[in-house]
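This report refers to the structure that appears directly beneath it.
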Amino acid sequence: MSSTKPIGIFDSGIGGLSVLSHIRECMPAEDLIYVSDTRHLPYGTKSPSHVKKRSLLITEFLIEQGVKSVVVACNTATAASITTLRNQFNIPIIGMEPGVKPGIENSSNGKVAILATDGTLGSLKFQELMQRFSGHTTIVIQPCHGWVELVEEQYSDDSDLDSVIREQLHPLMEQGVDTLVLGCTHYPFLRQHIDRIAGGKAHIIDTGEAVAKQLKRRLAAQDLLNLTPHTGTEQFWSSAPSPTTERIVSRLLDKPCVLNQLPE
Ligand code: DGL
């Protein structure tokens, strides 16, 4: 048995495209519907109840489009809403969380930094994750203010971009951190800059690929994979589509993309 229904993916903005790329690579036949909640960006500084409300509305929209599963491609929205979404909707809902465990496993000196939004780092879910895994590792928590905007606005001036990234990274490198966990789906788009500013020496952990594999396992377990000989399509929706975002999305995915207006 298989299912040709699409998979829904959402984020506050275009960060979740870093996850969509892994899903596309892992499951070439699947049709994907991506929602960017640009009008309500950033989620990281909004109240958990606001983020939960947005997550519920977007998931309802995706279910109306006939999706067989939803990927919350956003650490902040997962922290605020995953339990509610799973209680409310009877399809597989896959969330994201900062890779604390792989971060600890990859560190050679036991000094790991978790880079994420205020919303993620301040959540109960993140506290539980830390209690479960931190053990004898020194974990430094680093909210990265301004990084989401760097990705959304695609700064063309690299020196501006570098100075915003350096501000957060330098203190971490001075503390001897050797592993950086990217706990926000926007940050993989800054990976080259992060790597260079960290002197090319830090281990960088991104959980996008692990989430794509987990999605595939969940769909396979419920006979929901698309097994037809078909090349998957992508459809994009945004709560604030603009020619600029359309250009950025097309550039990030390296193909022409059209953004549809998400109904209010
Ligand atoms: N990309 C989102 C995450 O993974 C959040 C970005 C935002 O603050 O809107 O947490």
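The numbers here are math on the coordinates, done by the rules we state, and not lab data. As the structure is a prediction and not an experimental result, all values here were calculated from the model. Don't worry about glycine lacking a Cβ; one is built from the backbone with ideal geometry, like all the others, and counts go over all protein chains shown.
If each of Gln65 and Gln154 carries a label point 7 Å out from its Cα toward its Cβ, how far apart are those two points in nm?
Computed distance between label sites Gln65 and Gln154 equals 2.1 nm.
What pairs from Lys5/Lys201; Lys53/Lys201; Lys53/Lys111; Lys5/Lys52; Lys213/Lys255 go past 32 Å between their alpha carbons? Walk me through the numbers before you get to the answer.
Numbers: Lys5/Lys201 43 Å; Lys53/Lys201 40 Å; Lys53/Lys111 36 Å; Lys5/Lys52 25 Å; Lys213/Lys255 24 Å.
Pairs exceeding the cut-off: Lys5/Lys201; Lys53/Lys201; Lys53/Lys111.
Among Pro102, Pro42, Pro188, which one shows the highest mean-square fluctuation when the chain is modelled as a Gaussian network with alpha-carbon springs under 10 Å?
Highest fluctuation of the listed residues: Pro102.
Give the calculated FRET efficiency between Lys101 and Val258 to the nearest 0.05, with a Förster radius of 45 Å applied to their Cβ-Cβ distance. Could you put the intermediate results ahead of the total?
Values: r = 38 Å, r/R0 = 0.85.
E between Lys101 and Val258, to the nearest 0.05, is 0.70.
For q values of 0.20, 0.28, 0.31 Å⁻¹, compute log₁₀ I(q)/I(0) with the Debye formula on a Cα-only model of segment 19-72, without solvent.
Here log10 of I(q) over I(0) equals -0.82, -1.15, -1.25.
If the elastic network links every pair of Cα atoms under 10 Å, which of Gly95, Gly208, Gly122 fluctuates the most in the Gaussian network model of the chain?
With Cα springs under 10 Å in the chain, the top fluctuation among Gly95, Gly208, Gly122 is at Gly122.
Which FRET efficiency value, to the nearest 0.05, is calculated for Leu124 and His230 with the Förster distance at 30 angstrom and r the Cβ-Cβ distance?
Taking R0 as 30 Å, the efficiency between Leu124 and His230 is 0.15.
Taking θ = phi - 60°, what integer Hz values does the Karplus form 6.51 cos²θ - 1.76 cosθ + 1.60 yield along segment 107-114, in sequence order, with x for Gly and Pro?
Ordered by residue, 3J(HN,Hα) equals 6, 8, 10, x, 10, 10, 10, 9 Hz.
To the nearest 10 degrees, how steep is helix 17-26 against the longest Cα principal axis of the chain, on a 0 to 90 scale?
So the inclination is approximately 60 degrees.
Considering all projection directions equally, how large on average is the shadow of the alpha-carbon convex hull of segment 168-264, in square nanometres? Walk me through the numbers before you get to the answer.
Working: hull surface 38.8 nm².
Projected area, direction-averaged: 9.7 nm².
List the residues, sorted by chain then number, that are 5 or more residues from Ile205 or on another chain and whose placed amide H is less than 5 Å from its amide H.
Leu180, Val181, Leu182
With the contact rule set at Cα under 8 Å and sequence spacing of 6 or more, what percent relative contact order holds for segment 78-235?
Details: 185 pairs, mean separation 44.6, N = 158.
Taking the mean separation of contacting Cα pairs over the length of segment 78-235, I get 28 percent.
From the phi angles alone, apply the Karplus equation (6.51, -1.76, 1.60; θ = phi - 60°) to segment 237-244 and give each ³J(HN,Hα) in whole Hz, x where the residue is Gly or Pro.
With the stated coefficients, segment 237-244 comes to 10, 9, 7, 8, x, 8, x, 5 Hz.
Taking Cα pairs under 8 Å and at least six residues apart, what relative contact order does the chain come out at, in percent? Could the numbers behind the result be given before it?
On the way: 481 pairs, mean separation 75.4, N = 264.
Once divided by the residue count of the chain, the mean separation gives 29 percent.
Under the classification rounded if a/c is under 1.5, otherwise prolate if a/b is larger than b/c and oblate if not, where does segment 110-230 fall, given a ≥ b ≥ c as square roots of the Cα gyration tensor eigenvalues?
Judged from the Cα gyration tensor, segment 110-230 comes out oblate (a/c at least 1.5, b/c at or above a/b).
Which of these, Ala73, Ala29, Ala212, has the largest mean-square fluctuation under a Gaussian network model of the chain (Cα springs below 10 Å)?
Ala29
For Tyr187, what is the net charge nearby, where nearby means another residue's Cβ is under 13 Å from its Cβ and Lys, Arg count +1, Asp, Glu -1?
Values: positive: Arg191; negative: Asp11, Glu149, Glu152, Asp195, Asp206.
Net of charged neighbours comes to -4.
How do 56-66, 12-22 rank on mean C-beta neighbours within 10 Å, highest first? Provide the component values of the computation, followed by the final result.
Working: 56-66: 16.8, 12-22: 25.1.
Per-residue Cβ counts within 10 Å, averaged per peptide and sorted highest first, yield 12-22, 56-66.
Kirkwood-based Rg over Rh for the chain (C-alpha set), two decimals? Mind dumping the intermediate values first?
Working: Rg = 17.9 Å, Rh = 18.7 Å.
So for the chain, dividing Rg by the Kirkwood Rh gives 0.96.
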